[in-house]
Structure formats: C-alpha cells, structure tokens
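Beneath this line is the structure, given in structure tokens, with notes to follow.
The values are calculated or read from the model by the stated rules, or taken from the named source; none is laboratory data. Note that this is a predicted model, so its numbers are computed, not measured. Cβ placement follows ideal geometry from the backbone for every residue including glycine, while neighbour counts extend to all protein chains displayed.
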Amino acid sequence: MARRCPEGEPVDETYICAALAIVLAAGFITDAIGIHAMFGAFVVGVLIAKDGLFTSALVEKEEDLLSGVFLPLYFVSSGLKTNVATIQGLQSWGLLVLVIVTACLGKIVGTVSVSCFLKVPWNESLVFGFLMNSKGLVELIVLNIGHDRKVLNDQTFAIMVLMALFTTFITTLIVISLYKPARKAKKDDYKYRTIERKNPNSQLRILSCFHSAISIPSMINLIESSRGTQKRDALCV
C-alpha cells in the first residue's frame, strides 16, 4: 500500500480503511489464540514502513481519534477495575510504600550515578532519573493483562496502578522544579555551547515549526538552551 501512494498525490481512503481492517484483524487473531490484542496491533505497526506519504496520512487521520477518544476510554476502563478499597490495614499500605520506593530507587539511583559519572550537572541527573522512572501506557496494559488472566488479584492490581500513577504524577512536578533552561549555569560546573556564527554579537534568529500547541513549551526551552551561558539580550518569540 505504501508503494502505491506516490509523492504529491493524496492517499486513497481505501488504503487507510484497509490498514485499519488489518490492525483489527491482527488484534482479533492474537486475542483468539490467548495473547492480548495489543500485541497483534503492535506487530502490524512494526511492519508498516515508517517513511512515506502513506504513513504520514495514516498517523494524521488516526492520531486525534485514538488519543482523544479511545485512549481516555481505556484509562477509564482501567480506573473502573482498580478497587482502592482492597488496600486495607497497615500491612497493605506498607506494601504500597515499599513497592513505590523499590520502583523508584533502582531507576533513579542508576540513572543519576551514570549521569554524574559522565559529568552531567546534579539537577539534570535527577531530571534524567525521574524521566526514566515515569510509567506509561505499556505498564498499564501489562497490569490489565495480568488482572484479566487472574495473575494479579484486586489488591495487587490496585497497588501497582497506584504506584504507576504516583511515579508519573511526581515526574512532571519534579522536572518543572529542577530543570529550568533559562537559569544561568555555573561556568565552573557545566557550560552550554552556543550555535556558532560569524558575528557572536549578532541577533540569533531561529525559524521552527510545530505540530500542535503542546510542543511549543519544549521548543521554547530548546531555543533558550541553545543561547548558551553568555545571554546578553532577551528572548523574543
């Protein structure tokens, strides 16, 4: 299908519908043989070419529907399966704290140790550690599979879901408080490199494109970081 979509021409809607049908069929087959439907859809995504007009059109037509409708519904379904009332007693809450500490300790300590060994500043090392520690959709899918297969009981499932929510929630707060590209770095500790140009005193102009409004803050942080340590003029957007 990707080969039949030449550059400069619109993608036929038939190919988009056929790709969606293949994804649904793969999910149905893997679910029928005892594997979660997500794995079948994942295999189809791996097999589809990553470059080309067909892939871009497929992502453009599916992204809003999946991220705006189906993904929130999946989180709602996971929330309905989570029974926090099963966590009762001092032992259960202590187990929850132990799971959270164990889940955070390994990734954060390991990432910070390697970052400090590579002479990355301490605050940025912590940022890397908490970013590595954040849990995402894949872990939630695995937990739901274990719960549906009766591998995890209601209490264990609730503890693991709360752990994933807690680690993901604190990541945003800690990253915002620790990582501030606008903060002037210490010259003796770490030095950012500026973009080379003939006249270092001339105004630096960068033209950037963004896909959606959610990418604008990250883009501004990138531009701010590229200015280096010698920041004479204010940043104008």
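If the condition is being of a type in the set (V, I, T) and either in the same structural domain as E139 (by TED's automatic domain parsing) or in a helix (DSSP H, G or I) (or both), then the stretch 23-72 contributes V23, I29, T30, V43, V44, V46, T55, V59, V69.
Going through the stretch 114-153 one residue at a time, which ones are over 17 Å from the mean Cα position of the chain (by Cα), closer than 24 Å to I176 by Cα and surrounded by 12 or more Cβ atoms within 10 Å (Cβ to Cβ)?
Once the filter is applied, which keeps residues that are over 17 Å from the mean Cα position of the chain (by Cα), closer than 24 Å to I176 by Cα and surrounded by 12 or more Cβ atoms within 10 Å (Cβ to Cβ), the stretch 114-153 yields V114, S115, C116, V120, P121, W122, N123, E124, S125, L126.
Among the residues of the stretch 66-96, those that are closer than 20 Å to L140 by Cα and aliphatic (A, V, I, L, M) comprise L66, V69, L71, L73, V76, L80, V84, A85, I87, L95, L96.
Just one of (1) under 30 Å from W93 (Cα atoms); (2) within 21 Å of the chain's Cα centre (by Cα); (3) of a type outside the set (S, T, Y) fails for L80. It is (2). Of all the numbered requirements in (1) at pLDDT 85 or above; (2) more than 30 Å from H36 (Cα to Cα), E124 misses one, and that requirement is (1). The combined condition, being assigned by TED's automatic domain parsing to the domain that holds K150 and more than 30 Å from T156 (Cα to Cα), is not fulfilled by C104.
Conditions tested, residue by residue: (1) small (G, A, S); (2) in contact (Cβ under 8 Å) with a residue 60 or more places away in the chain.
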{"site": "E60", "(1), (2)": "no, no"}
{"site": "G68", "(1), (2)": "yes, no"}
{"site": "P72", "(1), (2)": "no, no"}
{"site": "T86", "(1), (2)": "no, yes"}
{"site": "L90", "(1), (2)": "no, no"}
{"site": "V99", "(1), (2)": "no, yes"}
{"site": "K107", "(1), (2)": "no, no"}
{"site": "G110", "(1), (2)": "yes, no"}
{"site": "S115", "(1), (2)": "yes, no"}
